[in-house]
1. Looking at the range 83-99, I want the residues that are farther than 17 Å from residue 14 by Cα and have a partner that is of a type outside the set (S, T, N, Q) and surrounded by fewer than 18 Cβ atoms within 10 Å (Cβ to Cβ) with Cβ atoms under 6 Å, at least 6 apart or on another chain. Which pairs are those?
2. With respect to the numbered conditions (1) surrounded by fewer than 15 Cβ atoms within 10 Å (Cβ to Cβ); (2) touching a helix residue (DSSP H, G or I) at 6+ places or on another chain (Cβ under 9 Å); (3) without any contact (Cβ under 8 Å) to a residue 60 or more places away in the chain; (4) not small (Gly, Ala, Ser), which one is the sole condition not fulfilled by residue 55?
3. Restricting to the range 90-118, and then to whatever is more than 24 Å from residue 173 (Cα to Cα) and touching an Asp or Glu at 6+ places or on another chain (Cβ under 6 Å), can you tell me which residue is surrounded by the fewest Cβ atoms within 10 Å (Cβ to Cβ)?
4. Looking at the range 23-43 only, could you name the residues that are closer than 27 Å to residue 176 by Cα and in contact with a helix residue (DSSP H, G or I) (Cβ under 8 Å, 6 or more places away or on another chain)?
5. Within the range 105-125, can you find the residues that are under 19 Å from residue 68 (Cα atoms) and either of a type in the set (A, V, I, L, M) or in contact (Cβ under 8 Å) with a residue 40 or more places away in the chain (or both)?
6. Within the range 160-177, identify whether any single residue is without any contact (Cβ under 8 Å) to a residue 24 or more places away in the chain, of a type outside the set (Val, Ile, Thr), in contact with a Pro (Cβ under 8 Å, 6 or more places away or on another chain) and assigned to a loop (DSSP other than H, G, I, E, B), and answer yes or no.
7. Sort out which residues of the range 102-133 are more than 18 Å from residue 146 (Cβ to Cβ), in a loop (DSSP other than H, G, I, E, B) and at pLDDT 95 or above, and write them in order of number.
8. Just give me the residues in the range 89-101 being assigned to a loop (DSSP other than H, G, I, E, B) and within 15 Å of residue 143 (Cβ to Cβ), in sequence order.
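The values are calculated or read from the model by the stated rules, or taken from the named source; none is laboratory data. Note that the coordinates shown come from a computational prediction; the quantities given were computed from them, not determined experimentally. Here the Cβ is made from the backbone with ideal geometry for all residues, glycine too, and neighbour counts use every protein chain on show.
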Amino acid sequence: MTDIQSIPLTRIDGTPTQLADYDGKVLLIVNVASKCGLTPQYEGLEALYRAKNGDGLEILGFPANNFKGQEPGTEEEIAAFCSLTYDVTFPMFSKVSVKGDDQHPLYKALTKAQPEPAGAEAFRKRMIDSGLGPEKPEDVLWNFEKFLVSRDGQVIGRYSPNMPVTDPVIAQDIDKALAG
């Protein structure tokens with residue numbers, strides 16, 4: 001078991017868990033928010049989950065309120081929003097912090113393993129130009145940044161928040177990880 005797999009996590013319903021519970025699966029870890037311009041990405045994430053879950057893909061959603069207060073709700077409100085608005089069936093977790101002094105250990109490990117997201121150059125420039133960060137080069141840039149974890153628990157990819165899961169780079173990396 002890799003270090004990342006033993007980090008304590010909490011499901012959105014309060015159940016304790018860890019990534020080791022998904023051992024042998026390819027994981028796409030996404031920090032999500034209900035009131036963001038990128039929130040419609042839930043639709044693509046759910047479609048991908050339904051298409052590839054049988055092949056060993058798990059999508060794990062981690063609500064985070066780090067960016068302009070775009071995830072203000074309680075776990076119950078977030079779960080209801082995801083279910084009612086996007087019919088989300090992939091696993092959702094309790095709200096975490098993805099950057100800053102209170103950064104969750106999972107996100108410390110993810111950003112350390114993959115300090116730079118693919119396809120983020122223009123998005124990063126836009127964030128910097130608008131005064132929205134990042135504070136540190138490895139910081140998560142915004143909601144809906146994605147991390148890909150191999151079946152053996154290694155972080156093998158990181159993708160810009162504005163890249164949908166249908167982007168050819170992400171789609172190819174997921175398919176390669178599933179085949180590997």
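1. 86/43
2. (3)
3. Ranking the candidates gives 94 first.
4. Answer for the range 23-43, where residues must be closer than 27 Å to residue 176 by Cα and in contact with a helix residue (DSSP H, G or I) (Cβ under 8 Å, 6 or more places away or on another chain): 23, 26, 27, 28, 29, 30, 31, 32, 42, 43.
5. Listed by number, the list holds a single entry, 107.
6. Checking the range 160-177: not a single residue is without any contact (Cβ under 8 Å) to a residue 24 or more places away in the chain, of a type outside the set (Val, Ile, Thr), in contact with a Pro (Cβ under 8 Å, 6 or more places away or on another chain) and assigned to a loop (DSSP other than H, G, I, E, B).
7. 102
8. 95, 97, 98, 99, 100 - these are the residues of the range 89-101 that are assigned to a loop (DSSP other than H, G, I, E, B) and within 15 Å of residue 143 (Cβ to Cβ).
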